[in-house]
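Taking it in order: structure first as structure tokens, then the write-up.
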Amino acid sequence: MLAVALIANSLSAQHLTDSLHKLPEVVVTEHASQKHVRSTAPIQQLNATTLTKLNAIHVSDAVKHFSGVIVKDYGGIGGLKTLSVRNMGANHTAISYDGVAVTDIQNGQIDIGRFSLQNVEMLSLNNGQNDQIFQAARLFASASVLTIQTKRPSFANNKTMEGTAVLKVGSLGLISPSVATSFRLNDNWSLSASAEWLKAKGDYRYTLQYGADSASVEKRNNTDVENLLVESALFYTNHKQAKAHARIYYYQSERGLPGATVFYNTQYNNKQRLFDNTFFVQGYAENAISPTLKWQANAKYNAARVRYLDPEFLSGEQVLDERFNQNEWYGSFAMLYRPIANLSVNVATDLSHGRLTSNRTPFDTPSRWLSQSVVAGKYVTEQLTVIANMLYTQTFESVKQGTPANNQQKWSPYISFSVQPWQSLDLRFRAFYKNIFRLPTFNDLYYPSTGKRTLLPEDVNQLNLGVSYTASFPHRIKHIMISADAYHNNVSNKIVAYPDNNLFIWSMYNLGKVSINGMDVNAEMLAQLSSQITLSAGATYSLQDARDKTNPTSALYNHKIPYSPLHAGSGRLSLATPWVDFGYSVVWSGKRYYMGYNKPQYEMMAYADHNITLAKDWTTSLGRVTLSAEVLNILNNNYQLVRNYPMPGRSYRTSISIHF
Amino acid sequence: MKKNLFACLLLLATTLFVACEKESSTPIEEITPTTGLFILNEGLWHQSNSTLAFYNLETKKDEKDLFSLVNGRTLGDTANDMIKVDNRLFIVVNESSTLEVVDIETGKSIRQIKLTDENGKPRMPRQIVQDGKYVYITAFDHTVTRLNISDFSSQSIKVGLNAEGIEVVNGKLYVACSGDWNAGYDNKLYVVDIASFSVERTIEVGLNPSMIAKDKDGDVYVLCMGNFYDVTGSFYRIDTKTNTATKIDGIVGSEVEIKDHTAYIIQGAYPTPGKVVVFDCKSDKVLRDLVTDGTEVDSPYALSIDQFNGNVYVTTSTYLEPGDLYCFSAEGKLQYKVEEVGIGPNTIVTK
């Protein structure tokens, strides 16, 4: 969450700025660790410095270090990766990229393996929602939010240009050059531009176990990936209250989709390809009208194309070539009003229009107008924060042919608080309640034969109770932070596929109910071992007990839901010395079932994935040069996150970067 | 005459020797030579967790994963069909694209045959029948493979798209070719002459023909699945003497098995509970529901008829949990139930 940010934090801890009376939204401090501790809803953060030590190159690698998450990872660099938080399913996790939600109206799940960490300043995961109420309505509208904050141009010593160039080379045929630059145009304007290309062959050997007495070493094929990401952003600030930025983003990817390791037939099902093209432009502006009134506006246009190609559909006589295009327009306007010093109120309204087209026939060509509005209030003192809001959602569904799905209207309340009982002790208690839902996706509603137009939104109720403690010391251990949150979630009207029409075809129903009890524990520490050596360490632990409560007469009733380990966690440690920086990280998980029916034969083994990094910095005339070397999955374990999708064994990565 | 001889031969092969003699004269419910049941469970797609279970009727005990226990390896991915030939089980495993030949006494795999085409591509076998000398295997690569059961030599011929159900009648193979949603569903039975091993003719039936069974007169009954969209399923009878198809109205089903002149059909789709009905092949009419004692069978999935005593085995599946096996007398009274035989129990063979 904050490991090395703590260094900066502990240095400035003594002169914490109280911005209470400076900003229209009452935000007491902005320090990462303070944010973590003060937040009324759990927030976990990884900053750029920590991210470099996590053996992570994509967002999907890094989020495994958050507590309470399950990353569904089909293995390898190109494999699809989605993020489920506290067992509610990936559709309930919103991804915010620089303040604007990334959406997928087709299936609602965002592949987080596509986001590079190269240009990321901060990665945050909020359960419930962010404490910053001055934001678009859409960011209130999910059960949890993963926020990807990109780097902002910053110029040291009156430089007008800064940049970083990186080359990564590694096992699995990985090669990835990237460059990020920023230019100061004048006092008010700056520009950033970056590009990253990644190519990997991705094939690896793994051991396939056919049973107790039979195994073979096989090669994972069709795991190649080639990505290109180009991004540019323009920033404006007048150093008073006005801020604006605009971003243009293009991503393209071609990858193999390695199938499951089908016993005795591993080479089949290994020809499918996925092509992605995503383009968006988004803009943001905010300004103050008066000391107590402020507005912000967001706009985005997103165009995403997906092409799925199976050249050997049903063993080779046919080709399946499906293309789906989605377009979305999005606009948001928010006003923040601060009637008294401790209270602020935000009113935000968002409107978007999304449309899905395809080369499939017949295809309904669905589109949706989505209107979301929120009224949020926040009351803050040094020792107490209370937030409450109500979100209203209305959809208008239409189709080019056939019958459109039902329109939906929903009211969604949220309330949270954080209290510090003793002023001298940075111990805070927090709680939140959130009632939210996810809309049926276009696949849920319209997918030929399985889709159901009458589907209702899938509801979740979340209740969280937590405690956080932070302390700074003058001695060797400089800083510690610990938080523990217990939660109860329930998911109802869960959208599940259920066999229909004689079991050959499945349809979507609002059938599922899941009850989840769990606990997340996060701990951080920073120690100054000597004048030159600092140690930072972090650990997370997740306890999750997610049970099927759908039907009391079913054999599955009260069984644990698939892919949900009771125990899981992560750890990391980094040692900064004048000679070399050393980093170690581990992600582990206990046993879990791949079936909703819990019997030992459906169990998946526990695993731990250990990684180490060595890094060294030099200051040269060209700039600061960093060389790093990583060993990933040291134990060379082909563990599986999704059954029959083995992960790569031990692999190596080196990178050289120059900051100029 | 020839037809009767053939029926007798088939019985001979699929059951034990005594069957043929007893078949016509002995009343059912006598001492049954059926000593156990092999139940093939397909498992979940791409989980490679198909199982072969064995239920011992004498000890009332079952071994849920006989194949893995004996062979130290699992059966593979999506085992689709199984038949008994002499003292061996022939099991086709769809996604693994294998044929396992298993000793019926020990459960040991005598041979695993990879079913691939001349380019090494998996055929993805679906269903299997036999005529005492050969087994005939339909496959997703639009072929029927004929495999000699003594030397395992084989040859294949192309039929229609996605060959599914298959029956042997009077030296001919009747093959249901379903097509699929991508290429378009087909509506034909392919008739293959066994002697020349070539397609002789096609017979038009309903859209998406999948399941097939034959009665004692050699009439072939076909369940067609429709397109799951605007064309519903249908049911056809083919007179194999004239090769003419007749549609039988009012039946939409997912599985059909026939003993003599009585067909058992699984009907119904969620949210309507599925059920097994008894159908008379002489009058082409549904006679009654199979179950007459009020036993509730949730989500019937597959059925099989004991050729000795006429008992009807019905399995259940939701794919979410292991299914159960129910044994009903021909009169529809529950004889016994075996719980949790495996995921997706699709074939039952008597020992």
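What follows is calculated from the coordinates using simple rules that are stated; it is not laboratory data. Because the structure is predicted, anything quoted here is derived from the model rather than measured. FYI the Cβ positions are ideal-geometry reconstructions off the backbone, even for glycines, and counts take in every protein chain you see.
For this structure, a couple of remarks:
- Within the range B:228-276, all pairs of alpha-carbon atoms sorted by distance into 5 Å bins from zero give the percentages 5, 16, 21, 28, 16, 8, 4, 1.
- Cβ-derived FRET efficiency at R0 30 Å, A:Ala212 paired with B:Lys275, nearest 0.05: 0.15
- Neighbour-count order for B:Asp298, A:Asp213, B:Asp77, fewest beta carbons within 10 angstrom listed first: A:Asp213, B:Asp298, B:Asp77
- MRE, 222 nm, helices only [DSSP H, n ≥ 4, -39500 (n - 2.57), over chain B, to nearest 500]: -2000 deg cm²/dmol
- For the range A:530-601, the relative contact order comes to 35 percent (Cα pairs under 8 Å, sequence separation of at least 6).
- One decimal place: the segment A:Ala629-A:Leu465 gains 55.0 nm when fully extended, by the rule 0.36 nm per residue minus the C-alpha distance.
- Considering only A:Thr103, A:Gln528, B:Val93, and ranking their Cα positions along the charge dipole of the protein assembly as shown that arises from unit charges at the beta-carbon of Lys, Arg, Asp and Glu, the one farthest toward the positive end is A:Gln528.
- For the range A:81-98, no residue has its backbone nitrogen under 14 Å from a point 7 Å from the Cα of A:Ala303, taken along Cα to Cβ.
- Calculated FRET value between B:Glu118 and B:Asn170, using beta carbons and R₀ = 30 Å, to 0.05: 0.45
- Counted charge near A:Asn551, where neighbours are those whose Cβ lies closer than 14 Å (Asp, Glu -1; Lys, Arg +1): +1
- Estimated FRET transfer efficiency (A:Ala193, B:Lys108; beta-carbon r; R0 56 Å; 0.05): 0.25
- Spin-label model, A:Glu322/B:Ala195: points 7 Å from Cα along the beta carbon direction are separated by 4.7 nm.
- Globularity index of the range A:217-358 is 1.60 (Cα radius of gyration / 2.2 N^0.38 Å, N = number of residues).
- Here the dipole of the range B:73-143 is about 120 debye; that uses its Cα centre as origin and unit charges on the Cβ of Lys and Arg (positive) and Asp and Glu (negative).
- Computed about the Cα centre, the dipole magnitude for chain A is approximately 360 debye when only Lys and Arg (+1) and Asp and Glu (-1) carry charge, each at its Cβ.
- Between A:Ser621 and A:Gln423, the modelled labels are 5.8 nm apart [label points 7 Å from Cα along Cα→Cβ].
- For the protein assembly as shown, the equivalent ellipsoid built from the Cα gyration tensor has semi-axes of 60, 29, 27 Å, listed from largest to smallest.
- Positive minus negative residues near B:Asp193 (Lys, Arg vs Asp, Glu; Cβ under 11 Å): +1
- Along each principal axis, Cα extent of the range A:65-140, largest first, Å: 38, 29, 28
- Subset of B:Lys285/B:Lys351; B:Lys133/B:Lys214; A:Lys243/A:Lys378 violating a 25 Å alpha-carbon distance limit: B:Lys285/B:Lys351
- For A:Ala523, the shell of other residues with beta-carbons less than 14 Å away shows a net charge of -2, using +1 for Lys and Arg and -1 for Asp and Glu.
- Gap separating the Cα centres of the range A:189-238 and the range B:92-160, nearest whole Å: 39 Å
- Top positive-direction residue, dipole computed over the protein assembly as shown with Cβ charges, set B:Tyr174, B:Leu37, B:Ser299: B:Ser299
- Each label was represented as a point 7 Å from its Cα along the Cα-to-Cβ direction; for A:Tyr392 and A:Met161 these points are 5.3 nm apart.
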